[in-house]
Amino acid sequence: MSRQVYFDNAATTPMRNEVVDRMTEVMKLNFGNASSTHSFGRSSKALIEQSRKVIASFLNVSASEIVFTSGGTEADNLVLRSAVRDLKVEEIITSKIEHHAILHTVEELSKEFKIDVKYVDLDSKGNINYQHLEQLLQSAKKQLVSLMHINNEIGNTLDIKRVADLCKLNNALFHSDTVQSVGHYKLDLQEISIDFLAASAHKFHGPKGVGFAFIRKNSGLKASIFGGEQERGYRAGTESIHNIVGMEEALKISYSNLEVEREYVLDLKKHFISSLKKSFSEVSFNGNCEDIEDSTYTLLNVCLPIAPEKAAMLQFQLDLKGIACSKGSACQSGSSQNSHVLTEILDEVHLKRPSVRFSFSKFNTKDEVDYVIEVLNSFVNN
């Protein structure tokens, strides 16, 4: 029987036991509807507001600026749609390697509201050209910039403070999808003058189906889901109390253990890089992910020197050996999920090779890294 190794933490993370325990307790004891005025409702409401306060404190914002959603995608949609519909944004500046929660939403909005969409230039590693961004911000139109803090495929990090300052200087709104960074990096939103961000609990060992939007006070944003006054009128619908409390617990533990866990995971990543280089002289790393300073410590996107005819079998082989990771190549045969990120930044030669994203958490070990290297070696050399 092959081992089970989970290296797809950028897709979702296993929940921590403490989070499961806390959620189970809430599901058993706090089933009241938070909108009800009796004691059952009030105790549920108190839990939600306590979670809001705790989450806000980690970002150094006020509790009223945190709006609970079903996840990052909904938070992105809420902000982008309302910015165009209610704040009368006429032009959105983004990049071609954003998450589809941004790209597809922006495409829809451009069709629906006839807004302009501008894409900031990228270099061959997928880094944004800040000078070009500055030029794009010279427009007389009302603008919103949407650029993710950490790219979910290649791990590049955006200089989020620099972009926030540029936007402020040019009277543009700034939204960032921070799904890959909340719970992994400290963000002080008094220091960073961002208007909106999105986060998702299942990326930091919390439950699926819950996230939040940070909406700077007095922004003028309005709801996209109607039917009740929950979330201060930003989002109708009965709140998922156990999920919200689970998210708070997960974020609390992530930030309490941040330094220790970051060192541990970074060490795994360094070990993975050096092992890959030893085993495959022609291996290359997509984006900045090999650069410890300019990428997240949680992932590696690896382009392997494997012939195209053999490449099609790689993912299948890894899965067969119990290794969970994410396909990152734009041209794997039979693939219905070409990577728009890699298509944008890789040359023809590297696009033909298979790329795989391995993403790590504190639950992984060096022993698991060695097992993956062993499996890759036998696949390449047989």
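The values are calculated or read from the model by the stated rules, or taken from the named source; none is laboratory data. Not measured: the values here are computed from a predicted model. Glycine also receives a Cβ, built like all others from the backbone with ideal geometry; neighbour counts cover every protein chain displayed.
The criterion of at least 1 residues that are of a type outside the set (A, V, I, L, M) and within 19 Å of residue 365 (Cα to Cα) is met, among helices (runs of 4 or more DSSP H) falling completely within the stretch 227-315, by 241-256, 258-279. Restricting 94, 69 to residues that are polar (S, T, N, Q), closer than 21 Å to residue 143 by Cα and crowded, with 21+ Cβ neighbours inside 10 Å narrows the list to 94. Of all residues in the stretch 269-289, those satisfying the criterion of being touching a Phe, Trp or Tyr at 6+ places or on another chain (Cβ under 8 Å) and either under 19 Å from residue 97 (Cα atoms) or surrounded by 22 or more Cβ atoms within 10 Å (Cβ to Cβ) (or both) are 269, 272. Selection of first residues in the stretch 293-320 that are free of Cβ contacts under 8 Å to residues at least 60 places away in the same chain and of second residues that are exposed (fewer than 15 other Cβ atoms within 10 Å of the Cβ) and in a loop (DSSP other than H, G, I, E, B), restricted to Cβ pairs under 6 Å at least 6 apart or on distinct chains, gives the following pairs, ordered by first then second residue: 312/333.
Every residue in the stretch 339-353 that is surrounded by 23 or more Cβ atoms within 10 Å (Cβ to Cβ) and under 20 Å from residue 8 (Cα atoms), please. Answer for the stretch 339-353, where residues must be surrounded by 23 or more Cβ atoms within 10 Å (Cβ to Cβ) and under 20 Å from residue 8 (Cα atoms): 339, 341, 342. Residues of the stretch 41-62 include none that is of a type outside the set (Phe, Trp, Tyr), closer than 30 Å to residue 139 by Cα and assigned to a helix (DSSP H, G or I). Among the residues of the stretch 1-22, not one is among the polar types (S, T, N, Q), under 18 Å from residue 266 (Cα atoms) and outside any loop (DSSP other than H, G, I, E, B). Take the stretch 245-282 and flag every residue that is touching a residue at least 12 places away in the same chain (Cβ under 8 Å), farther than 15 Å from residue 297 by Cβ, assigned by TED's automatic domain parsing to the domain that holds residue 303 and of a type in the set (D, E, K, R). Passing the criteria: only 282. Put simply, of 198, 223 the only residue that is under 14 Å from residue 77 (Cβ atoms), touching a helix residue (DSSP H, G or I) at 6+ places or on another chain (Cβ under 9 Å), outside any loop (DSSP other than H, G, I, E, B) and assigned by TED's automatic domain parsing to the domain that holds residue 44 is 198.
For (1) assigned by TED's automatic domain parsing to the domain that holds residue 100; (2) in contact (Cβ under 8 Å) with a residue 40 or more places away in the chain; (3) over 20 Å from residue 361 (Cα atoms); (4) surrounded by fewer than 24 Cβ atoms within 10 Å (Cβ to Cβ), each residue gets a yes or a no:
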site	(1), (2), (3), (4)
127	yes, yes, yes, yes
131	yes, no, yes, yes
151	yes, yes, no, no
176	yes, no, yes, no
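Among the residues of the stretch 135-171, those that are under 24 Å from residue 291 (Cβ atoms) and among the charged types (D, E, K, R) comprise 153, 159, 161, 162, 165.
Suppose we filter 292, 373, 323 for residues that are crowded, with 21+ Cβ neighbours inside 10 Å and at negative phi; which single one remains? Show your work before the answer.
On the way: 292 fails: crowded, with 21+ Cβ neighbours inside 10 Å; 373 fails: crowded, with 21+ Cβ neighbours inside 10 Å.
Selected residue: 323, the only one of 292, 373, 323 that is crowded, with 21+ Cβ neighbours inside 10 Å and at negative phi.
Which residues, taken from the stretch 155-171, are in contact (Cβ under 8 Å) with a residue 60 or more places away in the chain and surrounded by fewer than 23 Cβ atoms within 10 Å (Cβ to Cβ)? The one that is in contact (Cβ under 8 Å) with a residue 60 or more places away in the chain and surrounded by fewer than 23 Cβ atoms within 10 Å (Cβ to Cβ): 157.
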